[in-house]
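The structure appears right after this line, and notes come after that.
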Amino acid sequence: GTIVPTHPHPQRGVILFVRPGTMDQHRLVKELSEDYWLPTFVYLSEWCHQWLDYVTRTTGLLTKSVRFLDTFGLTPSVVSRECMRRNGKAIGAMEDFYPQLLANAFICNPPQVVKVLFNVIKVILPKRLREKIDMMHPKDNENERKRLYRHISEQDLPEKFGGLNPTPPAEWNPM
């Protein structure tokens, strides 16, 4: 369960749970050619876009996706620069294909030094990007956790993020 797209509530947007610390990024780069990298992103984004469009049309409310990036197990040795480069390229293309698809990206449980560094560099980021990225420790901080309830209910939020759902996202029925 490294990447789990799901929609726990039929009238809310898609939630993508990503756990890069459990992903073998070096092997992924080795086994998945760059030619297939972008189509993989497009496939997931197209499904997400279609679901968000459906929810928007049925509820009358503009619906966007949310990403939870769980930093558990993420160490420098796990990170592949080539994987990051390919992901950056694909994400840039996705922004061109599907602008405004993402409501927020919640980076959960980052090391304190990463949170401090982010707070220093975020002043130079474009405002629309700054408003979408949020670093937090939701299980330990009630105020941070409350910001998540705009996108996911307390009952659906996994316990590891301070919610009431004992089942980890990887065990949910993603589709």
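Annotations for the structure displayed:
- Candidates His137, His26, His151: whichever shows maximal mean-square fluctuation once the chain is modelled as a Gaussian network with Cα springs under 10 Å: His26
- Report summary: the helix-based calculation at 222 nm, which adds -39500 (n - 2.57) for every DSSP H run with n ≥ 4 and divides by the residues of the chain, gives -12500 deg cm²/dmol.
- Selected from Cys48, Cys108, Cys83 as most flexible by GNM, with the chain as the system and alpha-carbon contacts under 10 Å: Cys83
- In plain terms, the chain from Tyr98 to Arg150 could stretch by 16.5 nm, reckoned as 0.36 nm per residue minus the Cα-Cα distance.
- In the chain, the DSSP beta bridges split such that about 20 percent are antiparallel, to the nearest 5.
- This structure gives Cα extents along the principal axes in Å, computed directly, and of (1) 40, 36, 35; (2) 47, 36, 30; (3) 57, 34, 30 that value is listed as (1).
- Rounded to the nearest 20 debye, dipole of region 101-175 from Cβ charges on Lys, Arg, Asp, Glu: 480 debye
- Computed over the chain, relative contact order equals 25 percent, with contacts defined as Cα pairs under 8 Å that lie 6+ residues apart.
- Available extension along the chain between Ile133 and Thr22 is 37.8 nm, counting 0.36 nm per residue and deducting the alpha carbon span.
- Dipole orientation for the chain: of the candidates Asn119, Thr71, Leu61, Asn119 has the Cα lying most toward the positive pole (charges on Cβ; Lys, Arg +1; Asp, Glu -1).
- Remark: region 1-42 carries a charge dipole of roughly 240 debye about the Cα centre, counting +1 on each Lys and Arg Cβ and -1 on each Asp and Glu Cβ.
- Shown here for region 1-77: chymotrypsin sites (Phe, Trp or Tyr not before Pro) in loop regions (DSSP other than H, G, I, E, B) with at most 13 other Cβ atoms within 10 Å, namely Phe72.
- Nearest-20 debye value, the chain charge dipole, Cβ charges on Lys, Arg, Asp, Glu: 540 debye
Throughout, read-outs are computed from the coordinates displayed, never taken from laboratory work. The structure displayed is predicted, hence computed values, not measured ones. Ideal geometry is used to build each Cβ from the backbone, glycine not excepted, and the neighbour counts take in all protein chains shown.
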